[in-house]
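The values are calculated or read from the model by the stated rules, or taken from the named source; none is laboratory data. Predicted, not measured: the structure shown is a model, and the values here were computed from it. Virtual Cβ from ideal backbone geometry, glycine too; neighbours counted across all protein chains shown. In case anyone asks, the SASA skips ligands and DNA or RNA and just uses the protein heavy atoms, side chains included. Shrake-Rupley method; radii C 1.70, N 1.55, O 1.52, S 1.80 Å.
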Amino acid sequence: MAGLSRLFVAAPLTEEARQALSALIRDRVPDGLPGRPAPPRNWHLTLRFLGDADAVGSDRVAAALDGADLGGSFSVTWGGMGAFPRPRRATVLWIGLTAGAGRLAALAANVEAASQAAGFSPEDRPFRAHMTLSRIRPDRDVRSLVEEFAPAAVAMRVDRVALYRSHLGRGGARYEVVEEFPLG
């Protein structure tokens with residue numbers, strides 16, 4: 001669809017957290033993640049997927065986020081792995097949080113309010129704090145990996161959110177930061 005961009009709002013990872021998690025996963029999963037792993041450069045904590053939007057929609061959500069009270073910065077600590085819809089028949093492998101999930105959910109609620117104020121339909125799924133590590137097609141049983149992966153215990157500060165544009169292509173998705181919004 002010409003003139004449309006695929007948009008989402010997320011908390012970017014710090015470079016330190018990205019490197020620490022990448023090294024940890026390489027060490028703990030030496031045979032590699034199942035399915036099609038997301039490259040570490042694409043890792044983020046999605047707060048709201050917006051979908052296809054034109055330039056006006058992009059500008060409106062950026063203005064709404066700029067004017068929103070997104071709250072203050074906070075820390076999160078990465079935890080163990082999980083899978084959607086469930087580990088026995090996983091289509092998405094993810095890593096969750098052991099600390100800061102409540103603060104991230106509050107931030108996601110603020111982003112949701114700003115998104116709706118900008119004219120986007122309400123999100124139809126409840127927020128779940130996680131970072132996608134791999135997409136698995138066809139589904140696969142990853143129970144042993146999920147059960148054996150000890151919490152990562154990597155901490156990072158969430159001090160901003162970003163509006164991203166997703167470019168889909170043959171080499172996989174590439175994410176472009178449209179604008180960043182610092183937390184108070």
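In degrees between 0 and 90, to the nearest 10, how far off the longest principal axis of the chain does helix 55-67 point, with axes built from Cα atoms?
That helix lies at roughly 90 degrees to the long axis.
Which length gain, in nm to one decimal place, applies between ARG89 and ARG36 when the Cα-Cα distance is subtracted from 0.36 nm times their residue separation? Please report the intermediate quantities before stating the final value.
Working: separation 53, 0.36 × 53 = 19.08 nm, distance 1.53 nm.
Gain on stretching ARG89 to ARG36: 17.5 nm.
How big is the Rg/Rh ratio for the range 20-106, C-alpha atoms only, Rh by Kirkwood, two decimals?
Numbers: Rg = 16.4 Å, Rh = 15.9 Å.
Value, to two decimals: 1.03.
Note down the nm distance, to one decimal, between modelled labels 7 Å out along Cα→Cβ at ARG135 and at ASP66.
3.2 nm
Under the rule that an exposed site lies in a DSSP loop and has at most 15 other Cβ atoms within 10 Å, name the longest stretch of the chain with no trypsin sites (Lys or Arg not before Pro) of that kind, not counting the sites themselves. Mind showing how you got there, number by number?
Details: sites that count: ARG128, ARG170.
The longest uninterrupted stretch comes out as 1-127.
Bin width 5 Å, alpha-carbon pairs only: give the P(r) of the range 31-78 as whole percents, running from 0 to the bin holding the largest distance.
In order of increasing distance, the bins hold 4, 12, 15, 19, 18, 15, 9, 6, 2, 0 percent.
Using the eigenvalues of the Cα gyration tensor, what equivalent ellipsoid semi-axes result for the range 108-184 when each is taken as the square root of five times the eigenvalue, whole Å, largest first? Show your work: numbers first, answer last.
Working: eigenvalues 150, 71, 51 Å².
Sorted largest first and rounded, they come to 27, 19, 16 Å.
Extent of the chain along each principal axis, from alpha carbon coordinates, in Å, largest to smallest?
So the extents along the principal axes, rounded to whole Å, are 45, 37, 28.
So what is log10(I(q)/I(0)) for the range 62-171 at q = 0.11, 0.17, 0.23, 0.24 1/Å, when the Debye sum runs over its Cα atoms only?
Result of the Debye calculation: -0.46, -0.99, -1.24, -1.26.
Report the full-extension gain for the segment GLN116 to ASP27: residue separation times 0.36 nm, less the Cα-Cα distance, to one decimal in nm.
Values: separation 89, 0.36 × 89 = 32.04 nm, distance 4.16 nm.
Once the chain is fully extended between GLN116 and ASP27, it gains 27.9 nm.
Using only the alpha-carbon atoms, how far is helix 101-117 inclined from the longest principal axis of the chain? Give it as 0 to 90 degrees, nearest 10.
30 degrees
Quickly work out the SER75-to-ALA55 label distance, labels modelled 7 Å from Cα along the C-beta direction, and quote it in nm with one decimal.
Computed distance between label sites ALA55 and SER75 equals 4.4 nm.
So what's the gap between the Cα centers of the range 22-70 and the range 94-167, to the nearest angstrom?
8 Å
So what is the accessible area of the chain per residue, in Å², with the probe set to 1.4 Å? Let's see the in-between values first.
Values: 9720 Å² over 184 residues.
In whole numbers, the chain has 53 Å² accessible per residue.
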